[in-house]
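In what follows, a structure is listed as structure tokens, so that the remarks can point back to it.
Laboratory data are not the source of any read-out in this text; all were calculated from the coordinates shown. Every value quoted in this text rests on a predicted model; they were computed, and no experiment measured them. In this analysis, Cβ positions are derived from the backbone assuming ideal geometry, glycine residues included, and neighbour counts consider all displayed protein chains.
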Amino acid sequence: MRKKIVAGNWKMNMEYTAGVSLFSEVINMVRDEVRGDQEVVVCPPSIFLHSLGVLAAQQQNVNIGGQNCHQKESGAYTGEISAAMIKSVAAEYVILGHSERRQYFGETNELLAEKTNVSLKAGLKPIFCIGETLEERNSGAHFDIISAQLAEGVFHLDAESFANVVLAYEPVWAIGTGVTASPEQAQEIHAFIRKQIEERYGDAVAANTTILYGGSCNPKNAPELFAQADIDGGLIGGASLKSRDFTDIVKVFNS
């Protein structure tokens with residue numbers, strides 16, 4: 001059975017003291033309330049990673065991850081963070097290709113393929129984001145966009161390497177807007193993604209690949225979204241900044 005994951009993406013929010021406090025609340029709530037084998041991941045700003053990693057090691061019930069990394073292993077890239085640096089503070093995951101990185105920083109599928117390679121080499125599990133804009137969906141190009149993002153971003157990997165990749169479908173038109181893809185819309189795309197994996201790697205790999213939904217997921221809509229056959233959890237934005245909301249989303253998998 002493929003892994004169920006709920007990952008929180010804090011983005012560029014909070015200062016240090018508030019971040020440590022929030023993470024402490026999350027790990028304590030997860031310890032007390034979460035039942036089942038779902039995995040919980042928190043991806044804070046990189047400057048918090050070490051401190052949160054220390055707290056995570058004490059409880060061992062929440063993993064941490066980076067929000068981005070550079071495409072090179074090391075070098076004269078002032079201000080950047082390498083995959084090895086993220087791994088060195090006990091992180092397990094790194095988010096790659098988030099729609100905000102693609103939109104605001106011009107990240108291409110080719111660049112993200114390099115980041116995927118360097119992340120896997122460092123021992124991190126990429127949470128690789130794919131998804132279409134409202135214009136692309138309205139024009140009927142969304143399937144083609146997602147196919148290209150997969151083909152150019154991660155399908156160069158062999159099956160063994162791809163098994164360490166988590167995919168996250170982000171309807172870009174639903175991120176931070178309060179609009180959520182309907183469960184049927186989300187399931188349609190998740191099933192399409194799994195079919196693409198099947199055609200590239202075969203049935204077994206497709207069946208074992210975790211595909212998350214990311215797009216204004218909250219405690220109210222998570223149960224219906226997570227009940228869909230091909231949705232294996234969520235990449236949570238705004239709701240991950242509230243310990244109660246985030247934990248309640250994780251608890252959807254309790255039953």
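At a glance:
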quantity: Overall dimensions of the range 124-216 as given by Cα atoms, namely Rg and Dmax in Å; calculated: 12.9, 37
quantity: Span-rule helices in the chain, defined as complete DSSP H runs reaching 18 Å or more along the axis (Cα) with Kyte mean at least 0.0; calculated: 16-33
quantity: Residues of type lysines that LYS121 reaches as a straight line, Cα spacing below 19 Å, ignoring anything fewer than 8 places off in the same chain; calculated: LYS72, LYS87
quantity: For the chain, size of Cβ-based charge dipole, Lys and Arg +1, Asp and Glu -1, in debye; calculated: 600
quantity: Dipole of the range 102-255, positive end: most advanced residue of ILE236, HIS142, HIS156 [Cβ charges, Cα centre]; calculated: ILE236
quantity: Relative packing of 80-87, 14-21, 192-199, which averages over residues the other C-beta atoms within 10 Å, highest first; calculated: 80-87, 192-199, 14-21
quantity: Relative frequency of Cα-Cα separations exceeding 13 Å in the range 61-120, percent; calculated: 60
